[in-house]
Every structure is written in C-alpha cells, then in structure tokens.
1. Leaving out ligands and nucleic acids, and using a 1.4 Å probe, what accessible area per residue does the chain come to in Å²?
2. From the square roots a ≥ b ≥ c of the eigenvalues of the alpha-carbon gyration tensor of the chain, which class results: rounded (a/c under 1.5), prolate (a/b over b/c), or oblate?
3. Which percent of the accessible heavy-atom area of segment 1-52 goes to carbon and sulfur, probe 1.4 angstrom?
4. Enter the angle in degrees (range 0 to 90, nearest 10) between the Cα long axis of helix 23-33 and the first principal axis of the Cα atoms of the chain, meaning the one along which they spread out most.
5. Of the candidates Glu45, Glu59, Glu20, which one comes out as most mobile in a Gaussian network treatment of the chain with C-alpha springs shorter than 10 Å?
6. Once you have the Cα-Cα distance between Val61 and Glu3, take 0.36 nm times their residue separation minus that, and quote the gain in nm to one decimal.
7. For the chain, what does the helix formula give at 222 nm: sum of -39500 (n - 2.57) over DSSP H segments with n ≥ 4, over the residue count, nearest 500 deg cm²/dmol?
8. Against the longest alpha carbon principal axis of the chain, how many degrees, from 0 to 90 and to the nearest 10, is the axis of helix 3-17 turned?
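The values are calculated or read from the model by the stated rules, or taken from the named source; none is laboratory data. Values in this document were obtained by computation on a predicted structure and should not be read as measured data. Surface areas here come from the heavy atoms of the whole protein model, side chains and all, with no ligands, DNA or RNA. Shrake-Rupley method; radii C 1.70, N 1.55, O 1.52, S 1.80 Å.
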Amino acid sequence: MLENEKQFKTAMLAYLSSSEVATGDLRAYGRIIGVKSPTTKKNDELREEITAILLGELEPVQISKVGAPVK
C-alpha cells in the first residue's frame with residue numbers, strides 16, 4: 001500500500017468515525033457504493049468495507065433494486 005493510500009485510509013476512517021456521520025447515513029452510503037448488506041453490519045465493519053471499496057481493495061456488489069429505497 002502506498003503512503004498516500006495509507007493516509008487516505010486513516011483520514012477516511014477518522015471521518016466516518018466522527019460524530020458528523022450518523023449511523024443511518026453511514027448505512028445509506030454503504031448501500032450506495034456497494035457494500036453487501038450494510039444494514040446487518042456493525043459500524044466498525046461497515047467503515048472498513050466502505051474504505052476498502054473506495055481504495056479498490058474490495059469489489060463492490062451490484063446494487064439491488066429489491067427492498068425499500070434509501071430514505
């Protein structure tokens with residue numbers, strides 16, 4: 001992992017852990033970018049997966065049209 005990627009990962013995790021991001025917003029964002037089942041994950045795991053998708057370490061899942069829309 002490059003130094004810039006490490007800095008991005010650290011900054012992203014810090015931002016997602018801040019009080020500025022509500023749990024509902026975190027789950028909605030996870031659903032939008034392709035986290036699999038974001039509503040069933042704990043916040044720490046969700047933050048890690050969002051960051052991994054943004055860095056290209058994890059492949060996003062295809063967004064499902066099934067279920068309730070994001071509020």
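1. On a per-residue basis, the chain sits at 73 Å².
2. Judged from the Cα gyration tensor, the chain comes out oblate (a/c at least 1.5, b/c at or above a/b).
3. Summing carbon and sulfur atoms, their accessible area is 51 percent of the total for segment 1-52.
4. 90
5. Ranking Glu45, Glu59, Glu20 by mean-square fluctuation puts Glu20 first.
6. Full extension from Val61 to Glu3 adds 18.2 nm.
7. Computed mean residue ellipticity for the chain: -17500 deg cm²/dmol.
8. 50
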